[in-house]
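Heads up, the thing below is written out as structure tokens.
Computed from the coordinates by the stated procedures, all read-outs in this text should not be read as laboratory data. Quick caveat: nothing in here was measured; it's all calculated off a predicted structure. Don't worry about glycine lacking a Cβ; one is built from the backbone with ideal geometry, like all the others, and counts go over all protein chains shown.
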Amino acid sequence: MCQIKDDLICEIIRISQTNLLDRKRIEGGPDSGNDMVVNWVRSNAKQYRENFSELLESYPASELGSILQKLTETGKDLGELLGLKFDRV
């Protein structure tokens, strides 16, 4: 069960970051969108993963499955979905 939970957490964070970066790319416009994404990844991706990994560890696997489904269906990131925001995220 632990491996399944770890895999769910990794996939949740991957989808969440993808959703967040897609939105940042759109906000940045066609000229600076990709640069904005690269800068965000350099400055924030590690902390984002660490913070959300720690938070998600407390959730049961069944709830993690629901979170993954909501992220996929809505295009939101974890901060939006859970009503949280970490520094520099």
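Details
- Two-site FRET efficiency, Ile4 against Val38, from Cβ-Cβ distance with R₀ of 30 Å, rounded to 0.05: 0.40
- Cα centroid separation - region 25-84 against region 1-22, whole Å: 9
- Rg and Dmax of region 2-82, Cα atoms only, in Å: 13.3, 43
- Aspartates and glutamates whose Cα lies under 14 Å from that of Lys70, excluding same-chain neighbours fewer than 8 positions away: Glu11, Glu80
- Cα-based helix-to-principal-axis angle, 2-56 vs the chain, degrees rounded to 10: 10
- When each of Cys2, Cys10 is scored by the number of other beta-carbon atoms lying within 10 Å, the sequence from fewest to most is Cys2, Cys10.
- Modelled FRET efficiency - R0 22 Å, Asp22 with Glu50, Cβ distances, 0.05 increments: 0.55
- Relative to the longest principal axis of the Cα atoms of the chain, helix 61-74 runs at roughly 30 degrees.
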